[in-house]
């Protein structure tokens, strides 16, 4: 698992240096659908997203890949998330992340265990 590199520093001064990710479930008439988003901490805008019927690893990988395709990022990008299994099981070690551009390869950062105040959702406030 990744260390908490963000350490509640939600005031970011440069675009594409800190991204935060979160997943939420949305109830519909046809059942649950899950939405994963990647948020640029500077602009507070969603730069990548994915929706699926199951909240597995693929949803977070697809959201991050969309963000990387949409933005020109430099080395040193911090990608912050909670310690959910979708992030913990794929955090920059799995085969899905091997296809990411080397120049933009993000540094993984995860919230502290059991601390909702470190959660990536805090950026949405």
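Collect the residues in region 49-72 that are surrounded by fewer than 16 Cβ atoms within 10 Å (Cβ to Cβ) and part of a helix (DSSP H, G or I), keeping them in residue-number order.
58, 69, 70
Tell me which residues, restricted to region 38-48, are in contact with a strand residue (DSSP E or B) (Cβ under 6 Å, 6 or more places away or on another chain) and in a strand (DSSP E or B).
The answer is 38, 39, 40, 46, 47, 48.
Each value in this text was obtained by applying a stated rule to the coordinates, not by laboratory testing. Because the structure is a prediction, the values reported are computed rather than measured. Note that we place each Cβ from the backbone using ideal geometry, even for glycine, and neighbour counts take in every protein chain shown.
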